[in-house]
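*Asks:* Input: one structure, supplied below.
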Amino acid sequence: MSFQLVQPRDILLVSSTVVLAWLVKRCWDAWAVWRSVGKKQKLTTVAVFADVGWDVVAFVIPMYSFTGIQYYLADPLAIKVVAGNRAVFSKNVEVYETVIGFFGPNLITTEGETWSRLRKLVNPSFSETSIRYVWEQSVRLVNEMFEADQWAGKTTLIKHAPDMTKEITLLIIGAVAFGQETHWEAASATLPAGHQMKFQEAVGIVSEDLLFRVAMPSFVWGNKETRKRIGLGGIASWGWLGPKLKKIAIACAELEQYMEEIFIEQSKNGSQDRRDLISQLVRGSGEDAEDRLSMREVIGNTFIFLIAGHETTAHSLAFLWGLLALEEDKQEELYSHITAVLGDKQPVYEDVSSLNLVLAYLYESLRLFPPVVNTPKYATQDTTIPVTPAVVYDGVSQVDPLAKPKSLFVPKGTEVLVSVTGLHYNPRYWKDPKEFKPERFLEPDWPRDAFAGFSLGARACIGRRFAEVEAIAIISLVIKRYKITVDESRFPTIAGEEPLARRERLLASDSLISLTPRSIPLIFTRR
């Protein structure tokens, strides 16, 4: 018998092969879990939580994070602790900086003292004066839409509802955030000196194609410092990567340049008589550096309001149009409420508080189709979170009001995700959670801790009232004037299809920057 020495390179080869195979297997497992329960939102639906009988679901995904553990929460008590303790449960700011931080630091991309400072300086810009301005611009632009040629006939066909709602919200945000004179049918304005693209076009492209901007590395797009060296819009603007990316690159650079010009103009000439957001951010800054927003901070936060105030509101309205088209009785109930409040007159800001059912319809749309499906955080230290025990009565899992919360250990580095959809469909807090019942929000004791349509805790959406007033104006004007139905030529009825299945088919969506409808073809018929 003879023995042959194993060569070091053979050991290295075998070891490398084993390690590579292990890595591939782990990556495949992680991808399979993400694909099955993340992207398609299976994890965020109440069925997953119902399967385990708890409002917390744990997944172990090797190599995914420091611990490989993910907790998904649909328990209001646990979520309140996670949302309220920013020191223990922090957000991964690096991810947010990559996605929406390229114009400057803002309320979404910062944590700790930086966030607290920004919040303090930004908050006064959302005053009652600003909210009234949102209402005025919303009413003006919707009325302009009604006068457009597309809406001149008895019926108006909308192939995809978000195309309509995004155009409205984009014009509103252009006026309210940037102080630009926007109109539904824009006149052929002269291109400003030093620009390659009009403001309204740049805003539209950036907000519509943000994912392209995020997907490519930052050096491709360039920045203010590299404009003179590699051109406006960076390498992408050269056209080597295709006309689509070239247009996006130029639009991003143009929008940044426009915002810089607005900042400089308002800083020099003052803005006491202006009510737009960017002017108020400039005006609200103090003399001390700590009490003053830098140009990058003003631009960064204005851009965030553009994204939040445009896409998320537009998609929520589109989902609501679809829900109303499917449930005629609910639509007529809303119409009766609006006409009872407004009569034959144009709505004014003082009507907002009386249009409470309109707000309830918006909330129900946000509950069924939340803009943000999951809110991720991670534990900065070993800690625990309280979890509400559940008991089963007559086969239905319910909260036990007498039971004390259980304590769940969360190791340092664990990713903790607030499952907004799981929370919104939790039957322990919402009766008939899959049903479209806006009136539930008129009840005095509706479960506020189980609603995260505008996020929760200290980091809840600062522009919540902005979005609410904008939506109330749009909904009231449109429903008062038009009846919405499904376009059967583009969305045919299937014999024997259950109402819930039809709704899921019409309002199918994907979670991109926000929850995005795939196709909602509708007909608007003048009343």
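The values are calculated or read from the model by the stated rules, or taken from the named source; none is laboratory data. Note that the structure is predicted; figures quoted are calculated from it, not measured. Note that each Cβ is placed from the backbone with ideal geometry, even for glycine, and that neighbours are counted across all protein chains shown. Only protein heavy atoms, including side chains, enter the accessible area calculation; ligands, DNA and RNA are left aside. Shrake-Rupley method; radii C 1.70, N 1.55, O 1.52, S 1.80 Å.
*Asks:* Provide the net charge surrounding Gln137, with neighbours chosen by a C-beta distance below 12 Å and charges set as Lys +1, Arg +1, Asp -1, Glu -1. Walk me through the intermediate numbers first.
*Replies:* Working: positive: Arg132, Arg140, Arg275; negative: Glu136, Glu144, Glu181, Asp276, Glu470.
Overall, the nearby charge balance is -2.
*Asks:* Between Leu417 and residues 5 or more places away or on another chain, which pairs have amide H atoms under 5 Å apart, with H built 1.01 Å from N, and which residues are they?
*Replies:* Tyr71, Tyr72, Leu73, Lys377
*Asks:* Still on this structure: Can you spot the aspartates and glutamates whose alpha carbon is less than 14 Å from Lys330's alpha carbon? Ignore those fewer than 8 places along the same chain.
*Replies:* Glu364, Glu435, Glu439
*Asks:* Which of the listed residues, Leu277, Val298, Ser336, is farthest toward the dipole's positive end in the stretch 275-368, when Lys, Arg count +1 and Asp, Glu count -1 at the beta-carbon?
*Replies:* Among Leu277, Val298, Ser336, the one farthest towards the positive end of the dipole of the stretch 275-368 is Val298.
*Asks:* Keeping all protein chains in the complex and leaving out DNA, RNA and ligands, what accessible area do you get for Arg481 with a 1.4 Å probe, in Å² to the nearest 10?
*Replies:* For Arg481, the solvent-accessible surface is approximately 70 Å².
*Asks:* Take the residue pairs Lys166/Lys483; Lys345/Lys437; Lys345/Lys434; Lys91/Lys434 and return only those whose Cα atoms are more than 25 Å apart.
*Replies:* Numbers: Lys166/Lys483 19 Å; Lys345/Lys437 28 Å; Lys345/Lys434 36 Å; Lys91/Lys434 30 Å.
Listed pairs above 25 Å: Lys345/Lys437; Lys345/Lys434; Lys91/Lys434.
*Asks:* Follow-up. Ignoring ligands, DNA and RNA, what percent of the accessible area of the stretch 309-466 is carbon or sulfur (1.4 Å)?
*Replies:* Details: 3550 of 6680 Å².
Carbon and sulfur together cover 53 percent of it.
*Asks:* In this model, which of Lys198/Lys247; Lys159/Lys246; Lys198/Lys244 are farther than 24 Å apart at the alpha-carbon?
*Replies:* Values: Lys198/Lys247 12 Å; Lys159/Lys246 28 Å; Lys198/Lys244 17 Å.
Correct reply: Lys159/Lys246.
*Asks:* State the Cα centre-to-centre distance between the stretch 478-507 and the stretch 166-215 in whole Å.
*Replies:* Centre-to-centre (Cα) distance: 32 Å.
*Asks:* Give the cross-link partners of Lys154 among the aspartates and glutamates, using a straight C-alpha distance below 17 Å as the criterion and excluding same-chain residues fewer than 8 apart.
*Replies:* Cα-Cα hits under 17 Å: Glu144, Asp487.
*Asks:* What length, rounded to one decimal in nm, is gained on full extension from Leu442 through to Ala458, with 0.36 nm per residue of separation minus their alpha-carbon distance?
*Replies:* Details: separation 16, 0.36 × 16 = 5.76 nm, distance 2.47 nm.
Gain in length upon complete extension: 3.3 nm.
*Asks:* Amide H of Thr383: which non-local residues (sequence gap of 5 or more, or other chain) have their own amide H closer than 5 Å, using H built in the peptide plane?
*Replies:* Those lying under 5 Å, H to H, from Thr383 are Val410, Lys412.
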